[in-house]
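The block underneath contains the structure these notes are about, expressed in structure tokens.
The values are calculated or read from the model by the stated rules, or taken from the named source; none is laboratory data. Please read these numbers as outputs of a predicted model, since none were measured by experiment. So basically every Cβ, Gly included, is an ideal-geometry build from the backbone, and we count neighbours across all protein chains shown.
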């Protein structure tokens with residue numbers, strides 16, 4: 001009975017099975033019991049065991065199976081002035097440290113990064129990505145980060161690591177000199193530069209960044225919209241030629257106002273020609289009568305295009321424009337263009353000025 005009681009007072013097996021995915025450090029629960037000299041310590045792959053004795057960092061054990069004796073606890077033996085072959089139980093805190101990779105850790109810039117782009121000038125950039133970290137120095141990690149925390153998770157250190165990353169990302173992107181449009185092709189190289197830049201500071205925590213990825217570098221939404229418009233203009237090409245082509249296509253359509261005017265002119269010319277070939281009262285033409293020359297074809301009406309708030313509309317016949325002027329949708333400052341005109345001009349500087357002059361002013365106030 002006395003032997004069983006004494007055996008229950010001592011710990012003779014020390015190990016840890018981790019069933020979580022985010023625990024970095026776990027303190028072995030002694031429950032006030034002393035560790036038996038010669039106890040079995042099991043350190044599995046991806047773990048390290050750190051002994052803290054009376055508040056001081058003692059021995060660190062890598063993966064393996066150990067019998068705790070004075071010959072494999074040199075630091076503890078020195079601290080306690082144990083003789084060789086010492087067999088008495090002792091009390092120490094045992095911390096198991098997870099040394100595997102903690103993957104898919106998120107980082108991102110909370111505020112925009114100011115940078116000078118060689119093409120766009122000063123720009124505001126945002127970036128985000130992922131990284132993986134691992135404990136490379138278990139003793140230092142316990143001393144610098146964990147302290148006396150009995151169960152330490154990755155969330156408790158990831159916030160500090162993100163601050164270190166964002167600071168380095170801001171400096172690297174601001175000094176890189178890489179154009180914004182080329183950053184997507186250089187994210188791998190930028191990621192290596194950032195990982196090397198943060199390695200010394202992260203190493204002070206007993207950690208290392210095993211992998212670092214930049215998933216995206218983006219511009220503000222309004223700047224991206226402006227780039228989209230610029231890209232669209234590049235696809236269209238020469239804007240004047242594009243507008244001329246659209247005008248020609250519109251005139252060739254049978255249902256358009258310009259097509260109707262051209263069709264009416266052709267019909268009048270054909271009717272006049274038929275009348276000239278007919279004699280009086282619809283009889284046969286006289287042999288001696290010479291046909292008069294055909295009347296000149298009416299001039300083709302102009303088709304006009306409008307540019308309002310960065311977008312174009314049209315073509316419009318002058319009748320349509322007269323109605324729009326009466327409704328207030330066409331003013332003197334409205335930018336217009338028609339075939340043969342040198343670029344866009346205000347309506348008041350074109351032939352449309354006569355339509356605008358016919359628009360009555362606003363009614364007098366009662």
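The sole residue among 251, 270, 266, 335 that is modelled with pLDDT under 75 and either under 30 Å from residue 226 (Cβ atoms) or in contact with a strand residue (DSSP E or B) (Cβ under 9 Å, 6 or more places away or on another chain) (or both) is 251. Scanning segment 307-340 for residues that are surrounded by fewer than 16 Cβ atoms within 10 Å (Cβ to Cβ) and part of a loop (DSSP other than H, G, I, E, B) yields 309, 310, 327, 328, 329, 331, 332, 333, 340. Taken over segment 190-220, the criterion of being over 24 Å from residue 111 (Cα atoms), assigned to a helix (DSSP H, G or I) and touching a residue at least 24 places away in the same chain (Cβ under 8 Å) is satisfied by 203 alone. Restricting the search to segment 129-183, which residues are assigned to a strand (DSSP E or B), under 21 Å from the mean Cα position of the chain (by Cα) and buried (at least 17 other Cβ atoms within 10 Å of the Cβ)? The answer is 129, 131.
The single condition from (1) over 22 Å from residue 48 (Cβ atoms); (2) without any contact (Cβ under 8 Å) to a residue 60 or more places away in the chain that residue 160 fails is (1).
Within segment 2-10, is even one residue in contact with a strand residue (DSSP E or B) (Cβ under 6 Å, 6 or more places away or on another chain) and either under 28 Å from residue 144 (Cβ atoms) or surrounded by fewer than 17 Cβ atoms within 10 Å (Cβ to Cβ) (or both)? Scanning segment 2-10, I find at least one residue that is in contact with a strand residue (DSSP E or B) (Cβ under 6 Å, 6 or more places away or on another chain) and either under 28 Å from residue 144 (Cβ atoms) or surrounded by fewer than 17 Cβ atoms within 10 Å (Cβ to Cβ) (or both), so the answer is yes.
Note on segment 41-119: enclosed strands (runs of 3 or more DSSP E) holding 2 or more residues that are under 30 Å from residue 167 (Cβ atoms) and within 53 Å of the chain's Cα centre (by Cα) are 47-53, 93-98, 102-108, 113-117.
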